[in-house]
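The values are calculated or read from the model by the stated rules, or taken from the named source; none is laboratory data. None of the values given here were measured: they were computed from a predicted structure. We place every Cβ from the backbone using ideal geometry, glycine too, and count neighbours over all the protein chains shown. Keep in mind that these areas ignore ligands, DNA and RNA; they rest on the heavy atoms of the full protein, side chains included. Shrake-Rupley method; radii C 1.70, N 1.55, O 1.52, S 1.80 Å.
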Amino acid sequence: TDCAAASIRCFGVEVGVHGTGVGRAMVAWCVAQARRSGKLRLRIHTLTMMERAQRLYSDMGFVRDPGCDANWDGVIGLAYVLHL
(Lines give C-alpha, C1' and ligand atoms only; values in the text may rest on other atoms or scores of the structure.)
Protein backbone atom coordinates (compact mmCIF):
# COMPACT_ATOMS: atom_id res chain seq x y z
CA THR A 1 0.00 0.00 0.00
CA ASP A 2 1.25 3.48 -0.83
CA CYS A 3 1.16 5.35 2.46
CA ALA A 4 2.27 8.69 1.00
CA ALA A 5 -0.42 11.34 1.39
CA ALA A 6 -1.12 14.65 3.01
CA SER A 7 -1.71 13.98 6.67
CA ILE A 8 -3.28 15.41 9.77
CA ARG A 9 -0.48 15.08 12.28
CA CYS A 10 -2.35 15.36 15.53
CA PHE A 11 -5.42 17.01 16.91
CA GLY A 12 -7.90 16.53 19.66
CA VAL A 13 -11.08 18.04 20.95
CA GLU A 14 -11.57 18.87 24.61
CA VAL A 15 -13.98 16.43 26.22
CA GLY A 16 -16.34 19.22 27.24
CA VAL A 17 -17.08 20.10 23.61
CA HIS A 18 -17.40 16.57 22.21
CA GLY A 19 -20.50 16.30 20.03
CA THR A 20 -20.71 20.01 19.22
CA GLY A 21 -19.24 19.80 15.70
CA VAL A 22 -15.82 21.22 16.58
CA GLY A 23 -13.98 18.05 15.50
CA ARG A 24 -15.97 17.81 12.27
CA ALA A 25 -15.20 21.46 11.46
CA MET A 26 -11.48 20.91 12.13
CA VAL A 27 -11.35 17.86 9.86
CA ALA A 28 -13.37 19.67 7.16
CA TRP A 29 -10.86 22.53 7.25
CA CYS A 30 -7.98 20.05 6.84
CA VAL A 31 -9.76 18.37 3.92
CA ALA A 32 -10.29 21.75 2.23
CA GLN A 33 -6.63 22.69 2.73
CA ALA A 34 -5.45 19.36 1.25
CA ARG A 35 -7.71 19.83 -1.76
CA ARG A 36 -6.53 23.43 -2.27
CA SER A 37 -2.96 22.13 -2.19
CA GLY A 38 -3.75 19.63 -4.94
CA LYS A 39 -3.30 16.54 -2.77
CA LEU A 40 -4.86 13.26 -3.87
CA ARG A 41 -5.25 11.71 -0.42
CA LEU A 42 -5.50 12.80 3.19
CA ARG A 43 -4.44 10.42 5.94
CA ILE A 44 -4.91 10.38 9.68
CA HIS A 45 -4.12 7.88 12.42
CA THR A 46 -6.16 7.32 15.53
CA LEU A 47 -5.99 4.93 18.46
CA THR A 48 -8.10 1.82 19.04
CA MET A 49 -9.89 3.35 22.04
CA MET A 50 -10.85 6.54 20.16
CA GLU A 51 -14.14 5.18 18.85
CA ARG A 52 -15.77 8.61 18.47
CA ALA A 53 -12.91 9.75 16.25
CA GLN A 54 -13.14 6.57 14.17
CA ARG A 55 -16.87 7.14 13.69
CA LEU A 56 -16.28 10.78 12.71
CA TYR A 57 -13.66 9.86 10.11
CA SER A 58 -15.89 7.14 8.65
CA ASP A 59 -18.87 9.51 8.56
CA MET A 60 -16.72 12.03 6.66
CA GLY A 61 -15.72 9.51 3.99
CA PHE A 62 -12.40 8.27 5.34
CA VAL A 63 -11.82 4.53 4.99
CA ARG A 64 -9.64 2.22 7.07
CA ASP A 65 -6.26 1.52 5.49
CA PRO A 66 -4.73 -1.23 7.67
CA GLY A 67 -1.66 -1.48 5.43
CA CYS A 68 -0.60 1.94 6.72
CA ASP A 69 -1.29 1.33 10.42
CA ALA A 70 1.60 2.50 12.61
CA ASN A 71 3.29 1.05 15.67
CA TRP A 72 4.71 3.71 17.95
CA ASP A 73 6.62 1.69 20.54
CA GLY A 74 3.67 -0.62 21.12
CA VAL A 75 0.93 1.98 20.62
CA ILE A 76 -0.99 1.10 17.47
CA GLY A 77 -2.14 3.91 15.22
CA LEU A 78 -5.09 2.92 13.03
CA ALA A 79 -4.74 4.48 9.57
CA TYR A 80 -7.64 6.13 7.78
CA VAL A 81 -7.44 7.70 4.33
CA LEU A 82 -9.72 10.01 2.36
CA HIS A 83 -9.32 9.92 -1.42
CA LEU A 84 -9.67 13.48 -2.62
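Every residue in region 14-41 that is over 15 Å from Leu84 (Cα atoms) and surrounded by fewer than 17 Cβ atoms within 10 Å (Cβ to Cβ), please. Answer for region 14-41, where residues must be over 15 Å from Leu84 (Cα atoms) and surrounded by fewer than 17 Cβ atoms within 10 Å (Cβ to Cβ): Glu14, Val15, Gly16, Val17, His18, Gly19, Thr20, Gly21, Val22, Arg24, Ala25, Met26.
Return yes when Arg43 is of a type in the set (D, E, K, R) and at pLDDT 90 or above and no when it is not. The answer is yes for Arg43.
Entry remark, region 42-68: residues being surrounded by 11 or more Cβ atoms within 10 Å (Cβ to Cβ) and either farther than 26 Å from Gly19 by Cα or over 14 Å from the mean Cα position of the chain (by Cα) (or both) number 1 in total. Within region 1-19, does at least one residue satisfy the condition of being modelled with pLDDT under 95 and touching an Asp or Glu at 6+ places or on another chain (Cβ under 7 Å)? There is at least one residue in region 1-19 that is modelled with pLDDT under 95 and touching an Asp or Glu at 6+ places or on another chain (Cβ under 7 Å).
The condition of being within 11 Å of the chain's Cα centre (by Cα), open to solvent by less than 20 Å² (accessible area, probe 1.4 Å) and free of Cβ contacts under 8 Å to residues at least 24 places away in the same chain does not hold for Phe11.
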